[in-house]
1. Kindly indicate whether Pro203 is in a strand (DSSP E or B), in contact with a Lys or Arg (Cβ under 9 Å, 6 or more places away or on another chain), under 24 Å from Val121 (Cβ atoms) and not charged (D, E, K, R).
2. Of the conditions (1) at pLDDT 95 or above; (2) crowded, with 17+ Cβ neighbours inside 10 Å, Lys259 clears all except one; give me its number.
3. Considering only residues that are touching an Asp or Glu at 6+ places or on another chain (Cβ under 9 Å) and assigned to a loop (DSSP other than H, G, I, E, B), which ones fall in the range 122-148?
4. Identify all residues within the range 338-394 that are under 13 Å from Pro410 (Cα atoms) and charged (D, E, K, R); write none if there are none.
5. Does Leu131 satisfy being among the aliphatic types (A, V, I, L, M), over 29 Å from Asn398 (Cβ atoms) and crowded, with 22+ Cβ neighbours inside 10 Å?
6. List pairs: first in the range 136-153 and among the charged types (D, E, K, R) and surrounded by fewer than 24 Cβ atoms within 10 Å (Cβ to Cβ), second part of a loop (DSSP other than H, G, I, E, B) and modelled with pLDDT under 95, Cβ under 8 Å, 6+ apart or cross-chain?
7. Return yes or no: is Ser62 buried (at least 17 other Cβ atoms within 10 Å of the Cβ), among the small types (Gly, Ala, Ser) and within 21 Å of Asp324 (Cα to Cα)?
8. Note down all Cβ pairs under 6 Å where the first residue falls in the range 42-54 and is under 12 Å from Trp91 (Cβ atoms), the second is modelled with pLDDT of 95 or more and buried (at least 16 other Cβ atoms within 10 Å of the Cβ), and they're at least six residues apart or on different chains.
Amino acid sequence: MIQTTRIEELTALELAELYALKELSPVEAAETFLRQIHRLDDQVNAWCFLDEETTLQQARASEERWRRGLELGLMDGVPVAVKDMFVTAGWPNIKGSKTSDSAPWAVDSPVVGALRQAGFVALGRTTTPELGWKGVTDSPLCGATNNPWNPSKTAGGSSGGSGAAVPLGMAPVALGTDAGGSIRIPAGFCGLVGHKPTQGRIPMWPASAFAPLAHPGPMTWTVADAALMMDVMCQPDWRDTTLPANTHSFLDALEQDVKGLRIAYCPQFGELAVDPQVAACVEKAVKIFELLGAQVEVVAAPFSDPAQSFATLFYGGAANAIRDLDADQRAVMDPGLIEVVEWAQTQSLLDYTAAMNERAALTETLSRFHQTYDLLLTPTLPLTAFTTGREVPENWPNPRWPSWTPFTYPFNLTGQPACSVPCGFDDQGLPVGLQLVGARHQDALVLAAAHAYQQAAPLTHLRPKLFGSPLDAQDT
């Protein structure tokens with residue numbers, strides 16, 4: 001049963017239910033989300049491109065399909081925020097950079113194409129740091145994207161625009177990419193669900209500059225909506241080396257029972273201490289799994305920190321992305337991006353090969369780990385959101401963003417599915433995320449466990465105060 005009459009609070013599945021009942025039209029929904037963007041975006045800067053004429057045209061086409069009983073599925077007429085990294089026919093792909101060509105593309109990326117075939121309504125494009133290179137969202141072109149719960153804080157990144165849009169009801173669902181945590185970091189900081197699928201489960205074309213690490217995925221208010229989007233987007237594409245078509249519905253698999261699952265809880269990776277308030281929220285979430293009948297064991301990190309190998313591969317990808325740009329073009333780019341590119345240029349082919357070797361060894365180590373444990377639970381992040389416009393928190397000893405994301409980037413190296421789901425708030429009212437990690441190809445299990453947790457300890461009734469909800473988001 002739908003619990004709200006506010007359109008901007010509806011999930012994708014709730015929208016589809018109301019469309020089917022003829023109680024809401026896709027045009028009304030699109031107009032509502034566009035109004036919410038105009039009302040709130042000047043405070044968070046989540047959007048870098050809108051094309052309202054096209055958005056409403058797509059909504060009208062969906063409305064007619066629903067009227068005639070010819071709807072294309074549960075995503076038909078659902079507005080989607082598209083991260084400014086996904087090629088979209090008719091729209092530019094700027095990637096937060098003054099150096100990008102602003103000409104519209106003639107074709108869709110596979111993810112956008114699959115959503116289009118399912119009847120989605122494209123709301124616009126959401127902000128990213130330049131070329132998606134860091135774990136916060138600010139760029140010379142678009143400026144900083146702020147946290148919906150406190151606009152003086154960062155939304156995280158690189159899918160920060162998508163992360164800020166969904167909690168504020170500017171979109172029911174959004175697209176993100178994740179090469180080091182870029183879906184899960186904003187999901188953790190902004191209090192929504194973010195799923196990084198098994199690498200290759202969702203096609204990615206054009207090939208990412210961070211190809212050995214990169215994953216596209218959904219960012220949503222509920223795990224059920226993430227599963228719905230996975231059902232639509234997990235279609236093979238000849239332009240990418242993706243896995244075969246998924247033969248089972250992720251949405252149907254959400255009913256899987258977590259009772260009896262063998263779960264490892266790892267409260268800390270490496271030497272970086274987890275904020276006590278974050279740790280407390282995550283520990284409460286872990287106890288929920290015990291109450292649901294899972295067998296939970298506290299474990300130490302099953303691997304050593306692969307930070308050096310990750311840096312070689314990730315920053316090497318950044319260097320490759322701008323290899324053809326001249327000095328004048330680089331002069332207008334994010335100085336931090338240029339710094340990591342210059343560092344990457346000091347690495348040798350043997351350094352790169354060694355990083356790939358460690359990636360293979362880490363993948364084997366985690367595969368062996370999952371012979372014993374079905375899932376690994378961790379905090380998504382060791383801290384809550386910090387001051388916007390910064391790469392790292394104030395007085396942080398390391399100047400680069402991966403130094404505060406130890407729980408996310410290892411699973412980009414291994415390609416495992418990992419989902420961040422909200423599990424509480426700190427005393428500033430900033431969200432805390434719980435990360436669930438599964439063995440490769442076990443996306444259905446990860447999503448089912450995340451769904452079971454969200455059903456047992458829901459926070460979906462809480463929206464940021466900026467949203468304008470009568471609910472007090474700080475009363476947690």
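1. Numbers: in a strand (DSSP E or B): no; in contact with a Lys or Arg (Cβ under 9 Å, 6 or more places away or on another chain): yes; under 24 Å from Val121 (Cβ atoms): yes; not charged (D, E, K, R): yes.
So Pro203 fails the test.
2. Here Lys259 meets the rest and fails (2).
3. Within the range 122-148, Thr127, Thr128, Pro129, Trp133, Lys134, Gly135, Val136, Pro140, Leu141, Cys142, Thr145 qualify.
4. Glu358, Arg359, Glu364 - these are the residues of the range 338-394 that are under 13 Å from Pro410 (Cα atoms) and charged (D, E, K, R).
5. no
6. Partner pairs satisfying both residue conditions: none exist.
7. Numbers: buried (at least 17 other Cβ atoms within 10 Å of the Cβ): yes; among the small types (Gly, Ala, Ser): yes; within 21 Å of Asp324 (Cα to Cα): no.
Considered against the rule, which asks whether it is buried (at least 17 other Cβ atoms within 10 Å of the Cβ), among the small types (Gly, Ala, Ser) and within 21 Å of Asp324 (Cα to Cα), Ser62 comes out as no.
8. As it stands, the answer is Cys48/Asp84; Cys48/Arg125; Cys48/Thr127; Cys48/Cys142; Phe49/Gly124; Phe49/Arg125; Leu50/Gly124, since those pairs meet every condition given.
The values are calculated or read from the model by the stated rules, or taken from the named source; none is laboratory data. These figures come from a predicted structure and were not determined experimentally. Virtual Cβ from ideal backbone geometry, glycine too; neighbours counted across all protein chains shown.
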